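What follows is one structure encoded as structure tokens, with my remarks underneath.
The values are calculated or read from the model by the stated rules, or taken from the named source; none is laboratory data. If you're wondering where the values come from, they're calculated on a predicted model, not measured in any experiment. Note: ideal-geometry Cβ built from the backbone for every residue, glycine included; neighbour counts use all protein chains shown.
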Amino acid sequence: MCFARSIRAMFALVVAFCAARSAMAENNWPNWRGPNYDGSLEGADPPLEWSESKNVRWKVPVPGRGSGSPIVWDGQIILLTAVDTGKPPAYAPVVAPAEQANTPGSGGGRGNRAAPTNEFEFLVIAYSLADGSELWRTMVHRAVPNESGHQTNTYASASAVTDGKRIYANFGSHGTYCLDMQGNVIWAKDLGDMRTRNNFGEGASPALVGDTLIVPWDQEENSAIFALNTSDGEIRWQQPRDEVTTWATPLAVEYNGRTQIVTNGTQVRSYDLETGELLWSCGGQVTNPIPSPVRIDDFVVCMTGYRGNAIYAMPLDASGDISDSPKIRWFNRDAAPYVSSPTVYKGQLYLTKERSGAMTSLDARTGEVLIPPTRLTDIRDIYASPVAAADRIYFTSRDGVTTVIRHGKALEELAVNNLGEPVDASPALVGDQIVIRAAEHLYCIAE
């Protein structure tokens, strides 16, 4: 009897532990693609409908500009932003117009802003999930940005990442920072200045894997990937990369007892987490890689959608260069996103074509097209990545419109919601709420 009671008690503890872990997963969104690293969260149940006034639990202004996504941990929403002070640095030399035109980073790429001359404050801010009140803000750096940037990019386009003990914020050329959960800076690391394609600016987020922070550093020359110790920010290893500028966040995957770091690029590459050794690579992607990899079972899928379309499914047991080889599980060159990343939900890949609102869905395991590219209602231009929960997929456009569809092999629209403010950041799912960072405000949507 005592033995039976012990077994029942142990079983109850296991059930309670699993329930606690499930609740934590539903209520935390620790990186820009969520706890599953693909935008999905089973157990979450966000609202189906909202507007500027309907189902808005709260709305608060956010200083500066940033398109990094909100992350959430234990009731704290953490954002990165960059605030133009309106003032040049006190030490700035006077630069003649002709001289300024030849300054590196002064612009010249199509769609770029003018070269910055004012100082910016680079901030990490925490808000309360309960009511939107500001809990703390920390200015980690103050400087004149080293590049002009594309007019739709910002100087805070990466998202923070957390393990619930520390927060890691990467402002690229303006430093990588580790803070505690109260906003105190623990360490800072300067990896230099990046020179991006056409001065378009930066945007890749770091990946956190145990006691290692992976920082991508793809630029026009001397691209690299860094592994930093989370304890002190020191470089554990770095590997050069034969890549031009990319904006894709790495994906950490464990397979057969080894953790791989998979990076999207004109070539997809996988590195050993412990040593930085290149394990395998695969060509075939098109230019300007931005979407982040996703995992399905024992393979990963990468895609690119600028000046062409490419989606490749590559096995995690690969070795060496598998370009154009039978090792590739499947590929598709009909439709792929340019800026947004896909979401994976119950065996289906959901994605948009280029920057348009043409949605398509594939069988994640075979690549079979289940829903051909079909334009969603009121979704025109899209940067944010879709999220999925409760048998629904949410697509948010740059106009602030979120069109919700039902999960399945046929397209069924359920709702079209207009927030009335532009949105570039991907939403975060937290229990029965959806947190959206718009151009000037942070919103908590809940019934």
Condition first: in contact (Cβ under 8 Å) with a residue 12 or more places away in the chain, among the acidic types (D, E) and not in a strand (DSSP E or B). Now tell me which residues in region 372-415 satisfy that. D378, D381, D391, D399
Those residues of region 266-316 that are surrounded by fewer than 24 Cβ atoms within 10 Å (Cβ to Cβ) and either at pLDDT below 95 or in a loop (DSSP other than H, G, I, E, B) (or both) come to a total of 18
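Out of region 340-350, which residues are within 18 Å of N264 (Cβ to Cβ) and in contact (Cβ under 8 Å) with a residue 60 or more places away in the chain?
Initially, region 340-350 is screened for residues within 18 Å of N264 (Cβ to Cβ), giving 340-344, 349-350.
Correct list: S340, S341, P342, T343, V344.
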For region 240-254 the number of residues that are surrounded by 18 or more Cβ atoms within 10 Å (Cβ to Cβ) and over 19 Å from the mean Cα position of the chain (by Cα) is 2
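Can you tell me which residue is surrounded by the most Cβ atoms within 10 Å (Cβ to Cβ) among those in region 256-265 that are outside any loop (DSSP other than H, G, I, E, B) and not charged (D, E, K, R)?
Let us first name the residues in region 256-265 that are outside any loop (DSSP other than H, G, I, E, B), namely 258-263.
Pick out the ones that are also not charged (D, E, K, R) and you get 259-263.
Details: T259: 15, Q260: 23, I261: 24, V262: 25, T263: 29.
Looking at the filtered set, the residue picked out is T263.
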Step by step: first the residues of region 175-218, then only those that are surrounded by fewer than 22 Cβ atoms within 10 Å (Cβ to Cβ) and touching a His at 6+ places or on another chain (Cβ under 7 Å), then the one that is farthest from W29 (Cα to Cα). Which residue is that? F200
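Criterion first (of a type outside the set (A, V, I, L, M, F, W, C), more than 26 Å from the chain's Cα centre (by Cα) and modelled with pLDDT under 95) does E99 satisfy it?
Values: of a type outside the set (A, V, I, L, M, F, W, C): yes; more than 26 Å from the chain's Cα centre (by Cα): yes; modelled with pLDDT under 95: yes.
So E99 passes the test.
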Filtered residue count, region 35-89, keeping only those that are farther than 23 Å from T154 by Cβ, in a strand (DSSP E or B) and in contact with a helix residue (DSSP H, G or I) (Cβ under 8 Å, 6 or more places away or on another chain): 1
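Suppose we filter region 142-164 for residues that are more than 24 Å from C444 (Cβ to Cβ) and either crowded, with 24+ Cβ neighbours inside 10 Å or in contact with an Asp or Glu (Cβ under 8 Å, 6 or more places away or on another chain) (or both); how many remain?
10
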Give region 330-359 a look and list any residue that's outside any loop (DSSP other than H, G, I, E, B), closer than 17 Å to R392 by Cβ and out of contact with any His (no Cβ under 8 Å at 6 or more places or on another chain), or say none. T343, V344, L349, Y350, L351, T352, M359
